[in-house]
Amino acid sequence: MSLQTALTAALSGLRATQQQAALVSHNISNATTPGFVRKELDLSTAVTGGLGQGVRVDGVARRVDELLIRDARFEQSRYTAQEARASALADYANVLGQPQDERSVSTALAKLQQAFSTLRDQSDNEAAQAAVVDKADALVRRLHDTAAAATAAQADAKGRLQSSVDQVNTALVRVGELNGAIARQTAQGADTSDLRDQRDRLLDQVSEEIGIRTYTRDTGEVVVMTRNGQTLLDRELPAGAQPLQLVGNDLMAGGKVISGNPDQDIQSGRIMGYAQAAFQDMPRALAQLDQLAAGLVQQFQGAEADPTQPGLFTDAGAAYGSTAGLAGRITVNDAVRTATWKVQSGVQATAPLAPGDQTQIDRYLGAFTATRAFAAPDLPVSATLGEFATSLVSTQQGYRTTAESDLTTRKISADALNNARINRDGVNVDDEMQKLLLIEQSYGASAQVIQVAGRMLDTLLQLRN
């Protein structure tokens with residue numbers, strides 16, 4: 001090996017170790033940066049005329065496991081979807097209460113039935129009559145409050161859904177900008193690893209909001225789609241672009257409604273959880289409450305002398321009109337407030353029945369024990385009012401319990417994959433420090449070669465003189 005070759009090889013080694021040291025330092029300084037991927041320097045042997053000329057730096061490598069990233073994103077997306085849905089169900093269930101809780105509609109209904117039973121034994125007792133009116137009012141308030149809670153949870157879910165859509169759109173615009181920068185720098189042969197880190201962090205954020213699939217073009221640009229194949233990003237987007245749009249109760253992507261069947265069309269992400277709460281869970285809860293309210297109005301209206309006229313419970317002061325929204329409109333007939341004796345003689349009665357006459361009270365008690373048809377999702381199609389109310393509360397609590405159980409499972413799975421991703425692609429400071437020691441040794445070896453070559457040149461010059 002000539003001195004020139006030795007010097008060339010040593011100098012290339014010094015330059016390579018200098019770049020390696022800078023890259024390792026960059027890794028260490030970003031060890032705690034979320035989404036940062038460990039970088040490595042790709043080296044190869046420089047060959048000229050068949051002879052080795054030292055070390056050549058081929059570029060900065062960012063080696064990631066795309067399959068692991070895909071799986072980690074998907075599990076995290078499933079977790080955030082379940083978290084959003086479980087939160088909405090919990091908000092509603094906390095107001096609804098358990099079947100045995102004082103605040104539940106089933107308990108309020110049972111107390112009204114008990115008040116009528118007490119009145120039967122002392123039908124002309126004004127206090128007992130007033131107690132019936134008081135318990136009827138309490139039941140109506142519970143229906144109103146519970147329906148209001150469901151409506152509030154639905155409105156909150158819609159608001160959060162819009163916020164998530166806005167976040168996704170903003171992130172996708174930025175991803176499009178990074179796509180352009182990466183494509184340009186790739187064409188110029190420049191390092192794009194940090195830009196790719198930024199883009200992956202944004203894609204992680206997008207996947208938490210909505211389930212996505214991605215693939216990378218040869219130019220380095222990434223294409224983003226929903227999990228059911230609707231394109232969200234395939235080119236740079238103008239500022240303010242809206243790949244996702246919420247139009248009324250419809251969430252649209254690529255001109256297609258994807259909120260009609262969230263389980264299939266969205267599949268994961270907070271947007272799925274909010275869509276389920278806003279367009280499935282809370283409408284179902286309101287429909288169940290409306291069915292109970294309709295049962296009350298119709299059963300007690302049917303217990304009157306004229307079943308076509310308002311009874312103890314009314315539809316906003318009138319006879320039964322329609323079921324939709326009735327849980328928020330149901331009221332106690334004003335007639336019993338000024339004449340409590342009507343709960344013993346009938347709301348439509350013009351004069352009190354004789355003391356001890358239990359005929360009308362028995363008809364009212366029959367309204368509680370009669371089996372009637374219901375048409376509420378996930379609840380019995382035939383039941384008494386009490387059975388239906390208990391089933392309503394139990395079923396809603398069951399939704400909540402199942403959602404929270406699934407949330408725990410999703411959390412464990414998401415954490416496991418995220419930890420695996422960090423362990424594989426993240427920075428281990430101890431490993432990087434060991435690399436610095438090796439780089440120092442390599443630097444010292446290259447420097448020593450230069451020193452030896454320098455002494456040899458000095459010796460040759462001395463001999464020549």
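A simple spin-label model places pseudo-atoms 7 Å from Cα toward Cβ; at Asp166 and Gln441 they are separated by 5.7 nm. Measure nothing but the geometry: give the 0 to 90° angle between the long axis through the Cα atoms of 3-29 and the longest principal axis through the Cα atoms of the chain, rounded to 10°. So the helix axis and the longest Cα principal axis differ by about 20 degrees.
Listed by chain and number, the lysines whose alpha-carbon sits under 20 Å from that of Lys435, ignoring those within fewer than 8 places in the same chain, are Lys39. Amide H to amide H distances under 5 Å link Gly54 with Ala46, where only residues 5 or more positions off or on other chains count and H is placed in the peptide plane. Label-to-label distance for Asp334 and Gln462 is 12.0 nm, based on points extended 7 Å past Cα in the beta-carbon direction. Seen against the Cα atoms of the chain and their longest principal axis, helix 429-464 is set at about 10 degrees.
Each residue of region 57-63 was assigned a 3J(HN,Hα) from its phi angle through the Karplus expression (A = 6.51, B = -1.76, C = 1.60, θ = phi - 60°), giving 8, 8, x, 9, 9, 10, 8 Hz with x at Gly and Pro.
What the phi angles of region 248-258 give under the Karplus curve with 6.51, -1.76 and 1.60, with θ = phi - 60°, is a coupling list of x, 9, 10, 9, 10, 9, x, x, 10, 6, 10 Hz, glycine and proline written as x. Adding -39500 (n - 2.57) for every DSSP H run of four residues or longer, then dividing by how many residues the chain holds, sets the calculated 222 nm ellipticity at -21000 deg cm²/dmol. For the chain, the solvent-accessible area of protein heavy atoms averages 47 Å² per residue (probe radius 1.4 Å; ligands and nucleic acids excluded).
Solvent-accessible area of the chain (1.4 angstrom probe, protein heavy atoms only): carbon and sulfur portion equals 50 percent.
Expressed as a whole number of Å, what is the distance separating the alpha-carbon centroids of region 369-392 and region 209-264? One Cα centre to the other: 42 Å.
Ranked by the mean number of other Cβ atoms within 10 Å of their residues, highest first, the peptides 432-445, 363-376 come out as 363-376, 432-445. Under a 5 Å amide H cut-off, with hydrogens placed 1.01 Å from N, Leu41 pairs with Ala61 among residues at least 5 apart or on other chains.
Residues whose amide H lies under 5 Å from that of Arg213, counting only those 5 or more places away or on a different chain, are Met225, Thr226, Arg227; hydrogens are built 1.01 Å from N in the peptide plane. Net charge in the neighbourhood of Ala319 (other residues with Cβ under 11 Å of its Cβ; Lys, Arg +1, Asp, Glu -1) is -3.
The long axis of helix 126-187 is offset from the longest Cα principal axis of the chain by roughly 20 degrees. In this rough spin-label picture, where each label sits 7 Å from Cα along the Cβ direction, the Ala239-Arg15 distance is 4.1 nm.
The values are calculated or read from the model by the stated rules, or taken from the named source; none is laboratory data. Keep in mind the model is a prediction, meaning the values are calculated, not measured. Every residue, glycine as well, gets a Cβ built from its backbone with ideal geometry; the counts of neighbours run over all protein chains shown. What goes into the accessible areas is simple: the full protein's heavy atoms, side chains included, and nothing from ligands, DNA or RNA. Shrake-Rupley method; radii C 1.70, N 1.55, O 1.52, S 1.80 Å.
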